[in-house]
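What follows is calculated from the coordinates using simple rules that are stated; it is not laboratory data. In this text the structure is predicted, and so the values were computed from the model without any measurement. Glycine also receives a Cβ, built like all others from the backbone with ideal geometry; neighbour counts cover every protein chain displayed.
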Amino acid sequence: MIRALIDGFRRYVDFRGRTGRAGFWNFVVVTHLVIILLMVPAYVEFLRFFRFAMEDVRVQDMMVQVAEQTAPVESLLPVMNELAEEYLAHAGNLLLPLVGLLLSVLLALVCLVPTVAITVRRLRDAGQSVWWVLVPIGSMLPVPFLSTCCVILSLAVLVLCCLPTRTDAALPEIP
């Protein structure tokens with residue numbers, strides 16, 4: 001596992017060649033797991049704030065009004081701003097969740113190019129077109145139908161990365 005991680009970062013801009021299933025999945029799982037673990041304190045703090053907000057009578061009253069359509073959803077914003085200030089005074093130090101969130105974002109950015117490179121190598125190893133790697137980018141577009149289709153097709157890319165190695169000589173290599 002560590003070897004796959006080191007190899008993934010050593011070959012971070014190598015879009016040629018191939019990567020086997022084990023190397024690909026070890027790299028992807030380890031990097032994503034570390035990112036998620038770094039985000040755990042922020043998730044916990046968000047859940048604490050959510051519970052704090054849902055126990056407040058003002059929020060409950062406003063949500064009833066929004067549900068009955070007697071008040072717009074935007075009317076919750078001033079109440080939530082007040083609650084956020086109260087929560088910050090109540091919660092105290094939020095350094096750990098903020099540092100964890102910042103580190104997870106930085107690690108995700110650091111892993112972006114190596115993940116694209118290892119996915120290209122894995123798709124080539126599985127005998128698939130390397131252009132499939134562009135599909136997940138479409139899920140970030142602000143076009144609802146197109147982004148939804150790209151999210152679904154991103155799952156297809158994961159399935160393609162699960163395919164076994166193709167050893168036939170007819171596979172095209174990118175110069």
The number of residues in the range 110-133 that are buried (at least 19 other Cβ atoms within 10 Å of the Cβ), of a type in the set (Ser, Thr, Tyr) and more than 13 Å from Arg21 (Cβ to Cβ) is 1
The residue that is surrounded by the most Cβ atoms within 10 Å (Cβ to Cβ), considering only those in the range 134-160 that are of a type outside the set (A, V, I, L, M, F, W, C) and assigned to a helix (DSSP H, G or I), is Pro136
Looking across the range 39-73 at residues that are over 27 Å from Leu98 (Cα atoms) and charged (D, E, K, R), the single one that is surrounded by the fewest Cβ atoms within 10 Å (Cβ to Cβ) is Glu68
How many residues of the range 111-131 are more than 18 Å from the chain's Cα centre (by Cα), free of Cβ contacts under 8 Å to residues at least 40 places away in the same chain and assigned to a helix (DSSP H, G or I)? The answer is 2
Hey, Arg48 of a type in the set (Lys, Arg), within 27 Å of Leu95 (Cα to Cα) and more than 19 Å from the chain's Cα centre (by Cα) or not:
yes
Review point. Within the bounds of the range 101-115, is there any residue that is in contact with a Pro (Cβ under 9 Å, 6 or more places away or on another chain) and under 23 Å from Phe52 (Cβ atoms)?
Key: yes
